[in-house]
Amino acid sequence: MVEDPRVPPGWGTGAGPLAQEGDTMVREMKVLGLTVDRESNTPIVVLKDPKSETLLPIVIGRFEASAITAELEQISFLGL
């Protein structure tokens, strides 16, 4: 396998600094909001770490965006 010089050693291989046994890489994030990329018209959910100013934009599908929007606006489907 050829190493990609842009990727830190061990990333994506199940080894290295992000996958060491005993380490926890779980971080609570809150939904800051939803937006749409103007060029591709792709939905993006923006997460924020409540303990810092760290933002994490994630490209999502239209169905996921609809579900997140419904939850944020407390919209009920099918009388649920």
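The values are calculated or read from the model by the stated rules, or taken from the named source; none is laboratory data. Since the model is a prediction, treat every value here as computed from it, not as a measurement. FYI the Cβ positions are ideal-geometry reconstructions off the backbone, even for glycines, and counts take in every protein chain you see.
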Q. Taking the range 48-69 as the search range and keeping residues that are more than 11 Å from R27 (Cβ to Cβ) and part of a loop (DSSP other than H, G, I, E, B), which one is farthest from the chain's Cα centre (by Cα)?
A. E53
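Confirm whether T35 is loosely packed, with under 10 Cβ neighbours inside 10 Å, of a type in the set (V, I, T) and either modelled with pLDDT of 55 or more or on the phi > 0 side of the Ramachandran plot (or both). Full working, then the answer.
Details: loosely packed, with under 10 Cβ neighbours inside 10 Å: no; of a type in the set (V, I, T): yes; either modelled with pLDDT of 55 or more or on the phi > 0 side of the Ramachandran plot (or both): yes.
Here the answer is no, as T35 does not meet what is asked.
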